[in-house]
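Asks: First, the structure itself, so that you have it in front of you.
The values are calculated or read from the model by the stated rules, or taken from the named source; none is laboratory data. Source: prediction; values computed, not measured. Heads up, the Cβs are rebuilt from the backbone with ideal geometry, glycines too, and the neighbour counts pull from every protein chain shown.
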Amino acid sequence: MIMLYRRPYSFLILLVALLAISVTTRSQTDSAPKPPPAKPTPTPAANQPKRPPSELQKAVQEFRVQIGQIGSGKGQFKSVGKQNSYTGRLYEYIRNDAFDALPHEVKQRGGTKSLLRRNQFGFTLSGPVRFPWLYDGRNKTFFSISYEGTIEKIAQSALFTIPTDPQRSGKFADYVDTAGEPVKIYDPLTTRPNPAYNPAQEISESNLQYLRDPFPNNAIPENRIDPIARALVAMYPTPNVSVGPFIQNNYFINNPFENRANGVLAKLDHTLTAKQQLSFNLNLSSGLRKSPEHFSGPANPGAPSYNFDSRSAVLQNTWTKSPKTIWLFRLTASQSLTTSLEAEQDKLDYPNQLGLKGLFSGIFPTFRFGNYLGIGPRNNSVFRESSYAISPYASVSLNRKSHTVRLTHTTRLNYDNIFSPFAPAGYFTFGSALTGLPGVRNTGNAFASFLLGEVYNGEESIVRHPSYYRKNFYNFIVSDEYRVRPGLTASISVNLEVATPRIEKYNRQSTVSFKHINPANGKPGALIFAGRDGIGRTLQPTTVRAEPTFGLSFSPFSDRKTVMRLNYGLSYQATPLIGRHFGTQGFNAAALFISRNDQLESAFRLRDGVPQNFILPPFLDPTAANGTDADFIDPSGRLPVTHQWVVGIQRELPRSLSLDVTYVGWHSENLFVESLARLNAVPIENLKYRDQLYTQSFRDSLRPYPQFRNLELGGVYPVGTAKSNAVTVTLDKRLSAGLYGRVSYRFAKQIDNVSVGTPQDPSNLDVEMTLSPGDVTHSMQASYTYELPFGKGKAWLSNGEWFSKVASGWSISGLTTWRGGTPLIIRPLFNRTGNIVGNLHVNVVPGVDPKVSDRTPQNWFDPAAFSQPDDFTLGNASYTHPTLRGPWDQFHHLSMTKRFELPGDKSLEFVSEAFNFPNHANLNDPDTRIGSEENPNLNAGKIIGSTGGRVLQLGLRLLF
Amino acid sequence: MRQLIWRNLSLLALLATVVWAQQAALAPAANSPARAMLKIPVWVEKDEGVFWDEGKRQSFKVFLEDKEVAIKSFQNPKSGSILLVVFDTVADLARVDEARSALQESLKNLNDQYWVGLLRAQDGLSVLQEPTADHNALDTKIQSIEVNGKAGLLDTLEPVSQLATAILQKAAVRVSILYVTDSAIGNYRADYLNPVINSSDSGDLSRRFSDRAVQERISRLSESLSGFTVPIFILHLAYRGDTLNLAYQSGLERIAGDSGGTAVFCRTNDEIRPSLLSIVSRIRSTYVVTIDPPTSKRQSLKVRVEAQDADGTKFHRITHINQLAVKKK
């Protein structure tokens, strides 16, 4: 040996040899299983006088031999189960429109291609943590890591109405209404009082209050077109289809949304001792989501595109103090960051390029005109939001006699930093009234008003700072599962939740207070500011709510194959951390530009630039919200409350069948709403003032708080109600003969007053309590998996070489859904109510049944059963119709898998999935707009088009 | 120099021989190429849950590929029996507590011919108690069963079946495996949940058939278990109704059924005790018939076992045995 030391290469050879021995020995030692009990318990032969049968002794001897071999790497036991080996999968799924059927909606518009490119790929790997010569984590430290990447471009179709070529240059001779009748365009500059007007009679074409001359030939003279509008029109696309009817639906897009995402899930768990386990999970995901363009260029009105980046980490310790006591400690931290691509546009200074003066931001302004596709980005397209949350958690579970008690505490600390102005470069709307005949509906055109540059109203958001919101939740939960007697178990739980109100890091919060007098008019309602003038940092109270739940489960019959469950729970919804810049007026501002009378004059003309008659923030004054849509943070502390009750019965049937019938009912009160509560709405009885209501100052004078326009509620004002009852019958078939599956049928009804959005009459919300728009009475779903009975280990074709391999490993899975139609929302075509009724209903025509006997897509319901309400009157129909529904939907998906066995306990799976494999077309809902007798909607009651198309996905998975 | 290299290479060869010899010594004798007898567990269920346990050797006939073969040895319900109880308890303290006491009660009803071994499947297979008829030792160990760790049922079925088969081959005893588990598919360390990784793809169609990973695992496991003839019984303490767990539970039912055993799923605490009693009743009524290893080269063999009770009523069971079952000894 000494000699060998003198020669380095000899030493190396010896070292390799020794290492070989060492590694071999180590692998035999290390791969040993968790040691069996140190001292084998004596067999009865050793500690009992009885002499055990010799065959049993032999069996125990063999048990010892086999257990000793576990983990040796040789013999019958390869390892102690699978957990000490590395397992995982590698996969790739592809979709390509070359495999697919052309979607029906694209085919119907004359399209021949619908782009779909999708690659989804990733891997999962798990096993023990091992670093050669450093650390061997077998049996104690394990990791699992999953990566997935997605690159996809999928076309999304949409149909819009845009101005025709003549209309783009101001020629509206082709402009017709929904009955195909020509509609006149009037010159707002010719507006003058009608000396012959008789105020005792209603305004009509024969009794006009104001006279206005139509444009000759229904065309706007070239020199009257606003230069900014002209520049914008140059960015606007031209019609590309003619779906109709009557020039509507003339612009079809099928542009792709793009999604590039990469994500990782990593898990690490470590057994500290037999009673202490530690785990750490990490989730990361980031990427780009690009919305489909409606047309290219900065004027694209499509949804914003954004980059996202989210991550979360969970550290958990489980301490099994005893077989009947378990402690759990967990710390969760998460962060997400979302930034819109539009946020990068600021430096380009588009308003200046357009010649639109007076705006503070350089991004593209927003222009909207009636039912036409707009120009410019959507509201809130510029945003940057960063959210953080930290949540420590602790629980202890105790099992004592007939009780299993659990005590839990969770703290959630939420941080949300956001910059998201509503309309940083202005939001400008154009109405048809300015180019119509004042007081007469079905005249004028919003795009014509736009060409003239006559802004009906506008808004510019001036947000000086991001908002830094904070809100905390503390939960204390006690639950007990109590076995009252054999066959009867009761459970009770109480969750005490304490939620602190929102605070802003720099106290940049404000709200309207009705306890304070507005100095401008001496009426209640003035702006107050957090942390100033004796006001605390918070503008809402801390809420403390107890949420109890009770449950009973019992077996009503002696065979114990039937189980009944009864549950009741009361829960509250905590006020969310209200996003964006709601409740920061004074620190930020929304400059409003409103027409004094939208029938007679505009707020301003584009060519004149945006008015500058507003006060720039910060303006911390009680009157800072005057004349605006003022933010009101509800100080009541009232929270949405839901009562839920469940009655379920499960019955085990022969042949591995199981039947479950469950009724779930719930009733929610104080649901958070936005426009349902119109705290500063003009009372409906003022409809009697008819056309006077179009004068803004008069209309505002009728409001309860005339110093404000609307009161914005941040979507968290608690007045909504919803109720639901549903029975679900589920039949499960567990595996026999290679088949398992589930069939379920659901019968349900849901009603609410929340879905209506803005109510017809804010003082009578009960009227809005109708079927929810998403209510589905009947729905059925069937899912199944069938492993074909061929090949190795199966009844047929199990022997033989090649054909057994070909026949083995096939399975089919399917998923089929039938879903009943949703209630139809019948709407009036016109709403002439002086801008005080938000969501006007139609009238029901007595004696006319809306249901038709021979229902076809061209004749889905009878529109004659409804009528347009007269001007300045409310409709008497409900928001959603109680019996009329849209068509049923069907979805059929099928998956076929072939598994190839590979050496070494590996396999390769080829997957073929067909979504909507029969290429079924689901009909769209019918046109539900009801016109007047003079101006009907000829399309009402008819279904135009259908959607859907078969999509094929191919996948390959290597499992090891 | 050359001499030195040769000497060192010789030394290396010697060391390598030592290593090989060491490994060979550690390798089990079980690798012997001898073919094992084919042992088939059989029950005769006269009525639902009612088993006939008075059968004699001559009451049974065995047909291999429709050809009657001689029964070489026979164990009846009075023969010695090894029951390997494997705990995989990870989720529900109340259910596990009930299972503990129900198991203690059930085992007490077994006589001295039943030796029970206790194993734990979470975080790797470990032995809690080697087979014994010492009820005090079993009681103590059962009471110390803990609810923690990661589920291990799927990962340990194969080694436990190997263990049981080895015992079955070595001794003239009946052997059964009983898993007591409350595991959900989400309790496994391996990822069967197919979770959404990127927040942007929550509507991903690729996840429409989310139970595929579970099915694949069950299929692979089912094939690898087809080489064993020891019946597996699974007492699942907590039935779950979601899609992924339905696939998991169906898989457990398939594995147990293919092995000749059963899987029982409890919806409530109250079902645990009677379910366990019915499983133990079936285990107690097991016969084992042994035949010569088949000479056929076919990979899968059709085996039909017939029994005729004292009243002359015939019962039969047809099964397909993988040749692996007799290749391994």
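Asks: Just to verify a result, which residue in the range B:55-66, among those that are at pLDDT below 85 and surrounded by fewer than 17 Cβ atoms within 10 Å (Cβ to Cβ), is nearest to the other protein chains (Cβ to nearest Cβ)?
Replies: Checked the range B:55-66; the qualifying residue nearest to the other protein chains (Cβ to nearest Cβ) is B:65.
Asks: Select, from A:242, A:204, the only residue that is polar (S, T, N, Q) and under 25 Å from residue A:110 (Cα atoms). Steps first, please.
Replies: Details: A:204 fails: under 25 Å from residue A:110 (Cα atoms).
One residue alone meets the criteria, A:242.
Asks: Sort through A:147, A:197, A:175 and tell me the only one that's of a type in the set (Phe, Trp, Tyr), out of contact with any Cys (no Cβ under 9 Å at 6 or more places or on another chain), surrounded by fewer than 18 Cβ atoms within 10 Å (Cβ to Cβ) and within 24 Å of residue A:440 (Cα to Cα). Please lay out each step first, then the result.
Replies: Values: A:147 fails: within 24 Å of residue A:440 (Cα to Cα); A:175 fails: surrounded by fewer than 18 Cβ atoms within 10 Å (Cβ to Cβ).
Step by step, each of A:147, A:197, A:175 is checked, and only A:197 is of a type in the set (Phe, Trp, Tyr), out of contact with any Cys (no Cβ under 9 Å at 6 or more places or on another chain), surrounded by fewer than 18 Cβ atoms within 10 Å (Cβ to Cβ) and within 24 Å of residue A:440 (Cα to Cα).
Asks: Going by the structure shown, is residue B:91 at pLDDT below 90, assigned by TED's automatic domain parsing to the domain that holds residue B:295 and hydrophobic (A, V, I, L, M, F, W, C)? Steps first, answer last, please.
Replies: Details: at pLDDT below 90: yes; assigned by TED's automatic domain parsing to the domain that holds residue B:295: no; hydrophobic (A, V, I, L, M, F, W, C): yes.
For residue B:91, the condition - at pLDDT below 90, assigned by TED's automatic domain parsing to the domain that holds residue B:295 and hydrophobic (A, V, I, L, M, F, W, C) - is not met.
Per-residue answers, yes or no, for (1) modelled with pLDDT under 95; (2) in a loop (DSSP other than H, G, I, E, B); (3) in contact with a Ser or Thr (Cβ under 7 Å, 6 or more places away or on another chain); (4) more than 14 Å from chain B (Cβ to nearest Cβ):
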site: A:821; (1), (2), (3), (4): no, yes, no, yes
site: A:864; (1), (2), (3), (4): no, no, no, yes
site: A:887; (1), (2), (3), (4): no, yes, no, yes
site: A:904; (1), (2), (3), (4): yes, yes, no, no
site: A:909; (1), (2), (3), (4): yes, no, yes, no
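Asks: When the residues of the range A:658-706 are filtered to those that are touching a Leu at 6+ places or on another chain (Cβ under 9 Å) and part of a strand (DSSP E or B), which remaining residue is farthest from residue A:780 (Cα to Cα)?
Replies: A:695
Asks: Could you list all residues from the range A:97-111 that are under 23 Å from residue A:913 (Cα atoms) and surrounded by fewer than 15 Cβ atoms within 10 Å (Cβ to Cβ)?
Replies: Across the range A:97-111, the qualifying residue is only A:98.
Asks: So which residues in the range A:693-731 are closer than 30 Å to residue A:652 by Cα and either surrounded by 20 or more Cβ atoms within 10 Å (Cβ to Cβ) or over 24 Å from the mean Cα position of the chain (by Cα) (or both), if there are any at all? Quick ask: steps written out before the conclusion?
Replies: So in the range A:693-731, the residues closer than 30 Å to residue A:652 by Cα come out as A:724-731.
Correct list: A:727, A:728, A:729, A:730, A:731.
Asks: Filter the range A:755-784 for residues that are closer than 16 Å to residue A:887 by Cβ and in a loop (DSSP other than H, G, I, E, B) and give the result. Please lay out each step first, then the result.
Replies: So the first thing to find is which residues in the range A:755-784 are closer than 16 Å to residue A:887 by Cβ, and the list is A:773-780.
Across the range A:755-784, the qualifying residues are A:773, A:774, A:775, A:776, A:777.
Asks: Among residues belonging to the range B:235-256 that are part of a helix (DSSP H, G or I) and among the small types (Gly, Ala, Ser), point out the one that is nearest to the other protein chains (Cβ to nearest Cβ).
Replies: From the range B:235-256, those part of a helix (DSSP H, G or I) are B:243-256; that's our starting set.
Add one more test, that the residue is among the small types (Gly, Ala, Ser), and what stays is B:247, B:250-251, B:256.
Working: B:247: 7, B:250: 4, B:251: 7, B:256: 10 Å.
The extreme case among them is B:250.
Asks: How many of the residues making up the range A:862-882 are of a type in the set (A, V, I, L, M, F, W, C), crowded, with 20+ Cβ neighbours inside 10 Å and within 16 Å of residue A:758 (Cα to Cα)?
Replies: Taking the range A:862-882 as the starting set, the residues that turn out to be of a type in the set (A, V, I, L, M, F, W, C) are A:864-866, A:872, A:874, A:877.
Filter once more, keeping what is crowded, with 20+ Cβ neighbours inside 10 Å: A:865-866, A:877.
In the following step, the residues that additionally are within 16 Å of residue A:758 (Cα to Cα) were identified as A:877.
Total satisfying the criteria: 1.
Asks: In addition: Of the conditions (1) within 11 Å of chain B (Cβ to nearest Cβ); (2) buried (at least 16 other Cβ atoms within 10 Å of the Cβ); (3) not aromatic (Phe, Trp, Tyr), residue A:807 fails just one. Which one is it?
Replies: (1)
Asks: With the checklist (1) over 30 Å from residue A:181 (Cβ atoms); (2) in a loop (DSSP other than H, G, I, E, B); (3) of a type in the set (Phe, Trp, Tyr) in hand, flag the one item residue A:879 doesn't pass.
Replies: (1)
Asks: Go through A:797, A:840 for me and flag whichever is more than 14 Å from chain B (Cβ to nearest Cβ), surrounded by fewer than 21 Cβ atoms within 10 Å (Cβ to Cβ) and touching a strand residue (DSSP E or B) at 6+ places or on another chain (Cβ under 8 Å). If you could, list the steps in order and put the result at the bottom.
Replies: On the way: A:797 fails: more than 14 Å from chain B (Cβ to nearest Cβ).
Answer to the selection: A:840.
Asks: Need the failing condition index for residue A:791 against (1) in contact (Cβ under 8 Å) with a residue 24 or more places away in the chain; (2) surrounded by 20 or more Cβ atoms within 10 Å (Cβ to Cβ), just the number.
Replies: Looking at each condition in turn, residue A:791 falls short on (1).
Asks: Which members of the range A:537-560 meet the condition of being within 11 Å of chain B (Cβ to nearest Cβ), assigned to a loop (DSSP other than H, G, I, E, B) and surrounded by 16 or more Cβ atoms within 10 Å (Cβ to Cβ)?
Replies: Once the filter is applied, which keeps residues that are within 11 Å of chain B (Cβ to nearest Cβ), assigned to a loop (DSSP other than H, G, I, E, B) and surrounded by 16 or more Cβ atoms within 10 Å (Cβ to Cβ), the range A:537-560 yields A:555, A:560.
Asks: So, one more: Any residue in the range A:667-692 that's touching a residue at least 24 places away in the same chain (Cβ under 8 Å) and surrounded by fewer than 17 Cβ atoms within 10 Å (Cβ to Cβ): show its pairings with residues that are of a type in the set (Lys, Arg) and assigned to a strand (DSSP E or B) at Cβ separation under 7 Å, as long as the two are six or more apart or on different chains.
Replies: Within 7 Å, the pairs are A:667/A:723.
Asks: While we're looking at this one, here's another question. Are there any strands (runs of 3 or more DSSP E) wholly within the range A:354-441 with 1 or more residues that are touching a residue at least 60 places away in the same chain (Cβ under 8 Å) and surrounded by fewer than 17 Cβ atoms within 10 Å (Cβ to Cβ), and if so which? Let's see the steps before the verdict.
Replies: Working: elements: A:366-369, A:384-400, A:403-419, A:427-430.
The strands (runs of 3 or more DSSP E) meeting that bar are A:384-400, A:403-419.
Asks: Could you say which residue among A:700, A:631 is touching an Asp or Glu at 6+ places or on another chain (Cβ under 6 Å) and acidic (Asp, Glu)? Break it down stepwise before answering.
Replies: Values: A:700 fails: touching an Asp or Glu at 6+ places or on another chain (Cβ under 6 Å).
Of A:700, A:631, the one residue that is touching an Asp or Glu at 6+ places or on another chain (Cβ under 6 Å) and acidic (Asp, Glu) is A:631.
Asks: Still on this structure, I have one more. Which is buried (at least 19 other Cβ atoms within 10 Å of the Cβ) and not basic (Lys, Arg), of A:252, A:246, A:280?
Replies: Values: A:246 fails: buried (at least 19 other Cβ atoms within 10 Å of the Cβ); A:280 fails: buried (at least 19 other Cβ atoms within 10 Å of the Cβ).
One residue alone meets the criteria, A:252.
Asks: Let me ask something additional. Inspect all residues belonging to the range A:890-900 and state whether any of them is within 30 Å of the chain's Cα centre (by Cα), within 11 Å of another protein chain (Cβ to nearest Cβ) and small (Gly, Ala, Ser). Before you say what the answer is, go through the steps one by one.
Replies: Narrowing the range A:890-900 to residues within 30 Å of the chain's Cα centre (by Cα): A:890-895.
Checking which are within 11 Å of another protein chain (Cβ to nearest Cβ) leaves us with A:891, A:893-895.
Restricting the remaining residues to those that are small (Gly, Ala, Ser) gives A:895.
So far as the range A:890-900 goes, yes, one or more of its residues are within 30 Å of the chain's Cα centre (by Cα), within 11 Å of another protein chain (Cβ to nearest Cβ) and small (Gly, Ala, Ser).
Residues are listed down the side, and each one gets a yes or a no for (1) assigned to a strand (DSSP E or B); (2) away from every other protein chain (no Cβ under 11 Å):
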{"residue": "A:283", "(1), (2)": "yes, no"}
{"residue": "A:295", "(1), (2)": "no, yes"}
{"residue": "A:298", "(1), (2)": "no, yes"}
{"residue": "A:314", "(1), (2)": "yes, yes"}
{"residue": "A:330", "(1), (2)": "yes, yes"}
{"residue": "A:337", "(1), (2)": "yes, yes"}
{"residue": "A:344", "(1), (2)": "no, yes"}
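Asks: Something else now. Among the residues in the range A:250-270, are any touching a residue at least 24 places away in the same chain (Cβ under 8 Å) and assigned to a loop (DSSP other than H, G, I, E, B)?
Replies: Yes.
Asks: A follow-up question, please. Output the residues belonging to the range A:123-156 that are more than 9 Å from every other protein chain (Cβ to nearest Cβ), part of a strand (DSSP E or B) and touching a Pro at 6+ places or on another chain (Cβ under 7 Å).
Replies: If the condition is that a residue be more than 9 Å from every other protein chain (Cβ to nearest Cβ), part of a strand (DSSP E or B) and touching a Pro at 6+ places or on another chain (Cβ under 7 Å), then A:141, A:153, A:154, A:155, A:156 are the ones that fit.
Asks: Out of the residues in the range B:302-329 that are modelled with pLDDT of 60 or more and surrounded by 19 or more Cβ atoms within 10 Å (Cβ to Cβ), which is farthest from residue B:165 (Cα to Cα)?
Replies: Only one residue fits best here, namely B:307.
Asks: Being under 22 Å from residue A:485 (Cα atoms) and not in a loop (DSSP other than H, G, I, E, B) is the filter; apply it to the range B:257-272 and report the residue that is farthest from the other protein chains (Cβ to nearest Cβ).
Replies: Here is the first cut: in the range B:257-272, the ones under 22 Å from residue A:485 (Cα atoms) are B:265-272.
Now narrow it down to the ones that are not in a loop (DSSP other than H, G, I, E, B): B:265, B:269-272.
On the way: B:265: 8, B:269: 6, B:270: 5, B:271: 5, B:272: 10 Å.
Filtering first and then ranking leaves B:272.
Asks: If you don't mind, another one. Just give me the residues in the range B:124-154 being modelled with pLDDT under 90 and within 13 Å of residue B:86 (Cβ to Cβ), in sequence order.
Replies: Scanning the range B:124-154 gives B:124, B:125, B:126.
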